[in-house]
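The values are calculated or read from the model by the stated rules, or taken from the named source; none is laboratory data. Here the structure is a predicted model, which is why all the values come from computation and not from measurement. Positions of Cβ are generated from backbone atoms using ideal geometry, with glycine treated the same way; all protein chains shown enter the neighbour counts.
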Amino acid sequence: MHTRDISSFICLHRLIYNITACIHAFKSCMSPGTETKVQLYRTYIIPVLLFGYEIWTITRTLEKRLDAFATWCLRKILRILYTRHTTNETVRSITGCLPVSDRVKSFCLRFFGHLARSAPEEDHHRVIAAALRPPTDWRPVGRPRATWLRTIDEDAQSLNFGVHTAWRKARDRDTWHQVVSTATLC
C-alpha cells in the first residue's frame, strides 16, 4: 500500500470520526423530526464526507465504505436497530437518499466533461490529453495502479464506450450531460 493511499484512509477515518460526533449531536437534540434530520444529513454530513471527491480514485473498497457509512448514518437518524434486518434499499427509499457512490461517480464524470471542454492551452486539459495518448512500449511489472482516469474509463466501459470516445463526447455539454444522467441515474 502506498503512503498516499494510507494518508487518504487516515483522512477518511478522521472525517468519519467528526461526522460520527455530528450524528451523536443529532441524537441529543430536542428530538427534531425525521425529515429535519435527513435534511441536516444532506446539508452538513454529506458535503464534509465528500469534500474534494471529484478527483478521488474510487476503488470498490472505497465505494463500499462510503455507502456503508452513509447507510449507517441514515440508520442512526431513523433509529433502525441492526436486529430489525432492514435492507439498505429500504432505508434509502424511506429517506429518499441515493447511494453516495453514485453521487461520486456522477460528479467525477461531470468533472471529466469539464476538463474535456476546457481550453486546449490550459494545463489541466494538456495533462488529461497527454494521459489519453497511447502508452509507449515500456510498462511496469504487476497490476496497474488505480488512477482517476482508469476510474473514468471503467465508468465509460459500463456505457459501452472507452475513455477516448468519452473525451470526444464530453466536448459537447448537452450530450455529455445526457450520458452522465444515463450512467448514474442521478
When (1) part of a helix (DSSP H, G or I); (2) modelled with pLDDT of 80 or more are applied to F161, the one that fails is (1)
- Item | Verdict on A119 being part of a loop (DSSP other than H, G, I, E, B), more than 30 Å from A21 (Cβ to Cβ) and not assigned by TED's automatic domain parsing to the domain that holds A21 | yes
The residue from S106, S118 that alone is surrounded by 10 or more Cβ atoms within 10 Å (Cβ to Cβ), within 21 Å of the chain's Cα centre (by Cα) and polar (S, T, N, Q) is S106
Restricted to region 1-54 and to residues being at pLDDT 80 or above and hydrophobic (A, V, I, L, M, F, W, C), the residue surrounded by the most Cβ atoms within 10 Å (Cβ to Cβ) is I45
- request: For region 127-147, state whether one or more residues are of a type in the set (K, R) and either assigned to a helix (DSSP H, G or I) or under 22 Å from H177 (Cα atoms) (or both).
  value: no
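One line per residue, one yes/no per condition, for (1) of a type in the set (D, E); (2) within 30 Å of E35 (Cβ to Cβ); (3) surrounded by fewer than 17 Cβ atoms within 10 Å (Cβ to Cβ):
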{"position": "A68", "(1), (2), (3)": "no, yes, yes"}
{"position": "I80", "(1), (2), (3)": "no, yes, yes"}
{"position": "R126", "(1), (2), (3)": "no, no, yes"}
{"position": "W148", "(1), (2), (3)": "no, no, no"}
{"position": "S158", "(1), (2), (3)": "no, no, yes"}
Over region 62-113, the set of residues of a type in the set (S, T, Y) and over 17 Å from L15 (Cα atoms) is Y82, T83, T86, T87, T90, S93, T95, S106
